[in-house]
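What follows is a set of notes on a single structure, which appears directly below.
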Amino acid sequence: MTDATAAMTRPDLDPDLVRAFLRVEPDFLRDDPDLLGELGLRVDMANVVDFGPAALARAAEAHKREAKVRRALEATARANFSAQAQTHAAVIDVLDSRNHSDLARRVDEMAALRFNLVAGVMVLEGPGRVPAGWHALVEGQIDMILGEHGVARMGFHAPALGLFGDRLDAVRSMALVRMALWEPSRQGLLAFGSSDPDGFSEDMGSELVAFLARVVERTAERWPVL
């Protein structure tokens, strides 16, 4: 053990006494360049102790943190802008649908082509006929998936995997939004599946998906279910 280490581990060494000594004898520190160097300090031209390399290192680290946060915010803003642009283009795709089966096909295609997702699925509860290309559920199943008063669910939800048919093994996260179609109302669901576990997460806002669901809902109401 060095003398310095032994001194630091002495139980009778009072830090307040050390501070008091340095205040009374400031030259003890200023006149010892080796000690200043070990502490990461230096004396500037005004004869004031300056935190030289240590202060610069802290300032550089703070700058790195700020730059990292700024880059993260910029990346999020770009992603949000891209998602909004793709959503607006997807609305045009949906509005061009010719019938229910074409609508289901377009929803699935836009999921893959515009959002790089595994699938986009149209779901409708019974009783009653379900259009071609839509996924059929028995009455009450949407409440079981979303909760009785649930409107949307983001993230991974195992009970909803069956909605994605033969592509369910590729789904690692999903976005589910309730729809109400026709009069009298029938419960429906717009479901998107992603292969990325973080593609949809519980803390993610569902506004854009809900907006798409409203557009799909209104488009589907153009035609009766025959």
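Restrict the check to segment 64-78 and report whether at least one residue is in a helix (DSSP H, G or I) and either touching an Asp or Glu at 6+ places or on another chain (Cβ under 6 Å) or within 28 Å of residue 222 (Cβ to Cβ) (or both).
Quick first cut of segment 64-78, residues in a helix (DSSP H, G or I) only: 64-78.
Then keep just the ones that are either touching an Asp or Glu at 6+ places or on another chain (Cβ under 6 Å) or within 28 Å of residue 222 (Cβ to Cβ) (or both); that gives none.
Checked segment 64-78: no residue is in a helix (DSSP H, G or I) and either touching an Asp or Glu at 6+ places or on another chain (Cβ under 6 Å) or within 28 Å of residue 222 (Cβ to Cβ) (or both).
Checking each residue in segment 181-201 for being touching a helix residue (DSSP H, G or I) at 6+ places or on another chain (Cβ under 7 Å) and surrounded by fewer than 17 Cβ atoms within 10 Å (Cβ to Cβ) picks out only 195.
So in segment 146-174, with the set limited to residues that are of a type in the set (A, V, I, L, M, F, W, C) and crowded, with 21+ Cβ neighbours inside 10 Å, which one is farthest from residue 214 (Cα to Cα)? So that I can check it myself, show each step before the final result.
Initially, segment 146-174 is screened for residues of a type in the set (A, V, I, L, M, F, W, C), giving 146, 151-152, 154, 156, 158, 160-161, 163-164, 168, 170-171, 174.
Then keep just the ones that are crowded, with 21+ Cβ neighbours inside 10 Å; that gives 160, 163, 171, 174.
Working: 160: 20, 163: 19, 171: 24, 174: 18 Å.
Here the answer is 171.
Only one residue in 137, 113 is surrounded by 19 or more Cβ atoms within 10 Å (Cβ to Cβ) and aliphatic (A, V, I, L, M), so which one is that?
Numbers: 113 fails: surrounded by 19 or more Cβ atoms within 10 Å (Cβ to Cβ).
Matching residue, one of 137, 113: 137.
Checking the stated criteria, residue 123 turns out not to satisfy the condition of being more than 18 Å from residue 94 (Cα to Cα), modelled with pLDDT of 95 or more and touching a helix residue (DSSP H, G or I) at 6+ places or on another chain (Cβ under 7 Å).
The values are calculated or read from the model by the stated rules, or taken from the named source; none is laboratory data. Fair warning: this is a prediction, and the values are worked out from it, not measured in the lab. Note: ideal-geometry Cβ built from the backbone for every residue, glycine included; neighbour counts use all protein chains shown.
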